[in-house]
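Down below is the structure, laid out as structure tokens.
The values are calculated or read from the model by the stated rules, or taken from the named source; none is laboratory data. What you see is a predicted model, and the numbers here were worked out from it, not measured in a lab. Positions of Cβ are backbone-derived with ideal geometry, glycine not excepted, and every protein chain shown enters the neighbour counts.
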Amino acid sequence: MPVVHEVDVVVAGAGQAGLSTAYHLRRDGYEPERDFVVLDRAPGPGGAWRHRWPTLTYGRVHGMHALPGMPLTGADDDRPSSEVIGGYFAAYEDAFGLRVRRPVAVRAVREAGDGRLRVETSDGVWLARALVNATGTWDRPFWPRYPGQELFRGRQLHTAQYAGPEEFAGRRVVVVGGGTSAVQHLLEIAEVATATTWVTRRPPVFREGPFDEERGREAVALVEERVRHGLPPQSVVSVTGLPMTEAMRRAEEAGVLRRLPMFDRLTPTGVAWADGTETAADTVLWATGFRAALDHLAPLRLREPGGGIRVEGTRAVRDPRVHLVGYGPSASTIGANRAGREAVRALRRPPLPARPATGRPRPEPALAGAAPGPAGA
């Protein structure tokens, strides 16, 4: 029999959103281990940042907002972001006594039968009044399917497996994806590869000038609209466009940012388009984003017919005991902070009754659905 623990709130995930939630729980009088627990499947602090490739130094990070109550100061811009932010998160957990349990994987969340949720993990069962889910996306890399993938004789890898440009030296590389990571990979690989080809499903949009607060609110509102309608969320970046940096300008002048439309199939030796054009390649790098890692919530049947989970504030409409932070409009460092605060405020209020599902019941799908991902091609 698994060990059964009882707490008021379970926080699943100790990235930016999870730590922000834990901080606000402590400020509200909740005690770690007695009133709430933070569970994290990673072996150490840092959330998704701990997986970032070594060449992504802190000075090149695209927007890192400090956690509430403790600024990140004195960071070396030349150190890998994984080290800087991993160390910062570790210090943060210690400073506020958050007592994160790891590595603990949340495997399923079910009805407990007494009004509580039953959170089944690799380290026993937790019975809780509420769950704040902050599991992010890193564990769900999205691999698109194209004809001929199984025939390609070269290497295929995803951003989640990217370790730096050195392994692409002397190779002919196709980079697939229109997000920030795709461009970062492309610029690095172009320095060492024999040839690079960049393909995206939609023409990339580059933005000039500062990204001010008003533009940020407009972007978040667009992402939030999808979530309110139960559609799979898109990232904020997908609606803001790519910031045109000096490095990108140089790459554009050198022809590295010459974008081609998405190919139709892979061949044994490369990729091909419907008009008969072919490009030889040794490697295809799929920088096609990630899906929200929410499979453990499947027993609660939170999905809408559109494929996403409908959320009002942070509460799941179909089960207001469940709060989603770092999901959709809050999937940014500053958005995650705000969502953590909002979730804790909502926990003070009695939850609204769950709304009945509309339409015919349907099986809970795996979360690697067909909708465009956060950094989709």
Check the range 128-139 and report whether any residue there is under 30 Å from VAL256 (Cα atoms), touching a strand residue (DSSP E or B) at 6+ places or on another chain (Cβ under 7 Å) and not polar (S, T, N, Q).
yes
Tally the residues that are more than 25 Å from PRO320 (Cα to Cα), of a type in the set (A, V, I, L, M, F, W, C) and crowded, with 16+ Cβ neighbours inside 10 Å, restricting the search to the range 83-128.
4
How many residues does the range 293-337 hold that are among the basic types (Lys, Arg) and free of Cβ contacts under 8 Å to residues at least 60 places away in the same chain?
2
On the given criteria, is GLY335 part of a loop (DSSP other than H, G, I, E, B), at pLDDT below 90 and in contact with a Pro (Cβ under 9 Å, 6 or more places away or on another chain)?
no
Hey, could you check the range 57-75 for residues that are at pLDDT 85 or above and within 23 Å of SER330 (Cα to Cα) and say which is surrounded by the fewest Cβ atoms within 10 Å (Cβ to Cβ)?
PRO71
Quick check: is even one residue across the range 23-45 modelled with pLDDT of 95 or more and of a type in the set (Val, Ile, Thr)?
yes
Scan the range 105-139 for residues that are without any contact (Cβ under 8 Å) to a residue 60 or more places away in the chain and in a strand (DSSP E or B) and report the count.
1
So, in the range 140-171, exactly how many residues are in contact with a helix residue (DSSP H, G or I) (Cβ under 8 Å, 6 or more places away or on another chain) and either free of Cβ contacts under 8 Å to residues at least 12 places away in the same chain or aromatic (Phe, Trp, Tyr) (or both)?
2
Quick check: is even one residue across the range 76-90 at pLDDT 95 or above, outside any loop (DSSP other than H, G, I, E, B), over 23 Å from the mean Cα position of the chain (by Cα) and over 26 Å from GLU167 (Cβ atoms)?
no
Please indicate, with yes or no, whether at least one residue in the range 112-123 is touching a Pro at 6+ places or on another chain (Cβ under 8 Å) and under 19 Å from VAL344 (Cα atoms).
no
Pair list, Cβ under 9 Å, 6 or more apart: the range 1-15 residue at positive phi, other residue at pLDDT 95 or above and assigned to a strand (DSSP E or B):
GLY13/VAL38; GLY13/LEU39; GLY13/VAL106; GLY13/VAL132; GLY13/ASN133
Name the single residue that is surrounded by the fewest Cβ atoms within 10 Å (Cβ to Cβ) among those in the range 11-52 being aliphatic (A, V, I, L, M) and part of a loop (DSSP other than H, G, I, E, B).
ALA42
Keeping to the range 264-313, report how many residues are surrounded by 20 or more Cβ atoms within 10 Å (Cβ to Cβ), of a type in the set (A, V, I, L, M, F, W, C) and in a strand (DSSP E or B).
8
